[in-house]
Structure formats: C-alpha cells, structure tokens
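The values are calculated or read from the model by the stated rules, or taken from the named source; none is laboratory data. All figures in this text were calculated on a predicted structure; none of them were measured in a lab. Virtual Cβ from ideal backbone geometry, glycine too; neighbours counted across all protein chains shown.
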Amino acid sequence: MGRHTRSTGRLGALTCDQCGAAVPTDSKFCQECGTPVTQRPTQRVRVRDEYAQRVFTFGCLVTVLAAVVVGLVIGAASRFLGVVVMLAVIIGGIIFMRILFSAGKQ
C-alpha cells in the first residue's frame with residue numbers, strides 16, 4: 001500500500017489522499033472513507049530546523065558585533081592588532097557556531 005495522507009503545510013493538518021477530506025492528527029483512519037492513516041505531518045521538524053537556522057544566524061551576528069567592539073577597543077592602542085583580533089574573534093565564533101550546530105544533527 002502507498003501513502004494515504006499528506007501534510008497540508010499547516011502544523012498538525014493532514015488530508016486523505018483517497019478522498020481529500022481533512023484528517024485529525026490523532027486519527028488512525030480517515031473519517032470520510034475509512035482509509036488508514038499511515039503518515040504523520042513533518043511540519044514540526046521544519047519549524048525546529050528554521051528555528052535552529054535563526055539561532056545560528058543570530059549567534060553569528062552577535063559574534064561579529066562582539067568582534068567589532070573588541071577590535072575597536074584593542075585598535076585604540078594598535079590598529080593592526082585590533083584588526084587581527086577582530087578577524088580572529090569572527091572566525092572563531094563562526095567555527096564555534098558550526099561545531100555547536102553540527103553536533104546536534106548527528
């Protein structure tokens with residue numbers, strides 16, 4: 001047998017592939033035609049992935065902001081050293097964020 005339900009794009013909403021009727025997420029069968037429900041919505045996973053991407057982006061932006069502030073403070077004494085520290089903080093922060101988020105995917 002093939003899949004009998006598909007996600008409609010709304011969190012928790014399913015429709016029956018056989019008759020097109022709305023199927024509650026806790027149902028085992030379509031209430032209109034009796035077709036077994038074999039697939040659950042995947043919207044929750046997409047929402048979690050979108051949230052993780054936003055957190056990653058925010059973390060990178062905070063890292064860049066921190067790098068600029070630290071670079072400006074150190075740059076007051078030595079412009080070259082300020083730029084080097086700024087780049088090091090940016091690269092280190094982005095590497096840290098990538099390691100942090102890649103560990104959660106395994």
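Residue count for region 33-59 under the criterion of being modelled with pLDDT of 85 or more and in contact with a helix residue (DSSP H, G or I) (Cβ under 7 Å, 6 or more places away or on another chain): the result is 0.
Quick grid of which residues meet (1) on the phi < 0 side of the Ramachandran plot; (2) at pLDDT below 80:
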| residue | (1), (2) |
| --- | --- |
| Arg6 | yes, yes |
| Gly12 | no, yes |
| Thr15 | yes, yes |
| Gln31 | yes, no |
| Leu61 | yes, no |
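Applying the selection to region 25-36, what residues are surrounded by 12 or more Cβ atoms within 10 Å (Cβ to Cβ) and in a loop (DSSP other than H, G, I, E, B)? Result: Thr25, Ser27, Cys30, Gln31, Glu32, Cys33, Thr35. The set of residues in region 74-106 that are more than 25 Å from the chain's Cα centre (by Cα) and surrounded by 12 or more Cβ atoms within 10 Å (Cβ to Cβ) comprises Ile74, Gly75, Leu81, Gly82, Val83, Val84, Val85, Met86, Leu87, Ala88.
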